[in-house]
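What follows is calculated from the coordinates using simple rules that are stated; it is not laboratory data. Since we're looking at a predicted model, the values are computed, not measured. Neighbour counts are summed over all protein chains in view; Cβ atoms, including those assigned to glycine, are modelled from backbone coordinates with ideal geometry.
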Amino acid sequence: MSTNMQDTPRPPSVITAVAANRRGTIALRATEQGIPIDIRIHHSELRYGGARLATEIMALSARAAMEAGVRHRLELEADGVPADIVNALGLATREQLADAQAAEEHTDPAPTTWMRSI
């Protein structure tokens, strides 16, 4: 009995997105469920303590999850999945992502300088 590669179902790809803080000192890649799979933290962020760092990581994970959800929605729509099914999945829309980004810009202060020590 031979095994044909076409008969073997391939696992679905994991949709991810990247989010970073304004200073670029914390960046992460997360799944659409908000699970971080890669985190980069500049050593200067460690001076603020674990609680602040954890809060920032959680916020960035949520932002990346929303963006990944939008990507998944667009992928499903492009594949012809009916709108009622896509909506039932609760994936964010482009408009919701834009609204969240706009709200974040108003609450996240810009850094006082873009220069970092080397």
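In table form, for the structure just shown:
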{"item": "Euclidean distance between Cα centres, segment 67-97 to segment 14-32, Å", "result": "20"}
{"item": "Label point distance in nm, His43-Asp79, each placed 7 Å from Cα along Cα→Cβ", "result": "4.5"}
{"item": "Three-way shape label, segment 3-86, alpha-carbon gyration tensor, a/c 1.5", "result": "prolate"}
{"item": "Under 13 Å, Cβ to Cβ, from His72 - net charge with Lys/Arg +1 and Asp/Glu -1", "result": "-2"}
{"item": "In Hz, Karplus ³J(HN,Hα) per residue of segment 68-83 (6.51, -1.76, 1.60; θ = phi - 60°; x = Gly, Pro)", "result": "5, x, 5, 4, 5, 4, 5, 5, 5, 4, 5, 7, x, 5, x, 4"}
